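Derivation of every value follows stated rules applied to the coordinates shown; laboratory data play no part. Computed from a predicted structure; not experimentally measured. Cβ coordinates were reconstructed from backbone atoms using ideal geometry, including for glycine residues, and neighbour counts include every protein chain displayed.
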Amino acid sequence: MKVLGLVVEYNPFHNGHLYHLSQSKEIVKPDVTVAVMSGNFVQRGEPAIVEKFARAEAALEQGVDLVLELPVVYSLQDAGGFATGSIWTLDHVGVTDVVFGSETDDIDLMKAVSKVLIKEPEHYQDLLKKHLKTGHSFPNARKYALRDFIHTENAALSHRIEEIGSSNNILGVEYLRAIQEIKSKMIPHSIRRVGASYTDEEHRGEFSSATAIRRLIQNGDIESASQTMPKESLDIILREIRCGRGPVFKEDVESFFISFFRLLSREDYCRYYGFVEGLDARFQDCSMEGSLERFLHCVKSKRFTLSRIRRLMYYPVFRFSDDLIRKSNKLGPQYIRILGFNEKGRTHLSNIKHSTKIPIITTASLWRKVVDKSLKEEMKIDVDLLEAQLKRDFKAVRFYSSLHKYPESRARGSDLLSQIVYHRQEQ
């Protein structure tokens, strides 16, 4: 049986995603397609434009059979943590083939790089330290260290290491690393991305970036947005807007964070993962800036990228401690959270429920009963870690719902009241 796995955010689902989905199915010819998707907060360190169940519905409309949530403890990590949580989740539900988009579409190059990251030879570590000491950010220092190291191993590949610096190539390398580290039998495939770069804010017609599409929606240019998205996906976005549950943008968290950061001391920051090398002082000092944009550029340096800073902003909010992040990346997700399925996806869940090694949560309010049953069945889970991961997902929903436009929507902001999406397929 072929089970296609995809790692997605669908923020929102657009024509580029539809191309990736259709091409992935063409490559794998799956019996069932599974997507693991970021919840209400995405890897760039921003709230999603609409909440997770609406985005899961859009995925099901376009041909995904089963949508799982990537816990927020992974969705707000760097590429390595994001990939670890995603691949581990897909492996738990029997995915045989994973297909990801990349700019280079050279899986051999990415495999060569991933092997270096797994083994971390002493010479590579020395090169990494050297480039970090010059003040480069970690992504750039790693890229330069890989270039120098691979040049000594395979000069033909070394001149292409610059390609790895692009966002989807970095994620591709991390997916391959995660597959090898957890000893998964999953077969990786890569598809070259089409259309604009994901950070391109310009409207480029049919294959515009998600960033550009969010900007169009924010500006009320629905006509242009309609050129870039499947009709069903746009209809879901418009429905969420009418109901006051969206759209939500990064600017909507500005007033919260400016006030929140001013209340924290350096000691407070130091309780959380990632506040190293003076970042605690930079956050505290820059919190006196008058806007979030000014705060970000105040904290930013050659060493600390904007993406890293945006993600770190949420760590004190969700209480991401060193212990939580390190245990999560070592042990993986401790549950499978279902966001939606069609009949094919539901059948697949039924087929794997006795073989999966971690509990499957369909009704959030019943999670304790699911855990108790899992313990009786002697599943190998860390209950404390499961509770820590899941409760942060619940907290993410409460925070996200506070950003809704209408008071009625903000008042119903509990994940315990949510229902999974069931998509009835046309006969």
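What the table below lists for this structure:
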item	result
Sequence of 128, 60, 264 once ranked by neighbouring C-beta atoms within 10 Å, starting from the fewest	264, 128, 60
Nearby aspartates and glutamates by direct alpha-carbon distance to residue 250 (threshold 13 angstrom, same-chain neighbours under 8 apart not counted)	46, 293
Of all DSSP beta bridges in the chain, antiparallel share, percent nearest 5	20 percent
Other-chain or far-sequence residues with amide H under 5 Å of residue 42's (modelled H)	48
Net charge dipole size for the stretch 169-255 [Lys, Arg +1 and Asp, Glu -1 on Cβ; Debye, nearest 20]	500 debye
Rounded to whole Hz, the Karplus (6.51, -1.76, 1.60) HN-Hα couplings of the stretch 4-19, x for glycine and proline	7, x, 10, 9, 9, 10, 6, 10, x, 5, 10, 5, x, 5, 5, 4
Gaussian network model of the chain, Cα within-10 Å springs - most flexible of 355, 75, 414	355
Positive dipole terminus of the stretch 251-325, leading residue within 318, 278, 256 (C-beta point charges)	278
Electrostatic dipole magnitude of the chain [Cβ: Lys, Arg +1; Asp, Glu -1; Cα centre; debye, to 20]	840 debye
Stretch gain in nm, segment residue 62-residue 204, where the contour uses 0.36 nm per residue and the Cα spacing is subtracted	48.9 nm
Length added when fully stretched, residue 412-residue 185, from 0.36 nm per residue minus Cα-Cα	77.6 nm
For the stretch 349-354, 3J(HN,Hα) per residue [Karplus equation, 6.51 cos²θ - 1.76 cosθ + 1.60, θ = phi - 60°, Hz, x = Gly/Pro]	4, 4, 6, 9, 4, 8
Dipole magnitude of the stretch 251-325 about its Cα centre (Cβ charges: Lys, Arg +1; Asp, Glu -1), debye to nearest 20	260 debye
Residue 383 paired with residue 298, simple spin-label distance in nm, labels 7 Å along Cα-to-beta-carbon	4.6 nm
Burial order of peptide ranges 170-180, 63-73, 358-368 (average beta-carbon count within 10 Å, highest first)	63-73, 170-180, 358-368
Listed residue (70, 48, 385) projecting farthest to the positive dipole end of the chain, Cβ model	385
Fewest-first sequence of 313, 37, 186 by Cβ atoms within 10 Å of each Cβ	186, 313, 37
Neighbour-count ranking [beta-carbon atoms within 10 angstrom, fewest first] of 321, 374	321, 374
Above-threshold pairs, the threshold being 26 Å between Cα atoms, out of 129/302; 327/391; 231/395; 25/183; 111/330	231/395
Gain in span if fully extended, residue 192 to residue 352, counting 0.36 nm per residue against the direct Cα distance	54.4 nm
Relative contact order (percent, whole number), the chain, Cα cutoff 8 Å, 6+ residue spacing	22 percent
Label-point separation in nm, residue 242 to residue 123, each point 7 Å along Cα→Cβ	6.4 nm
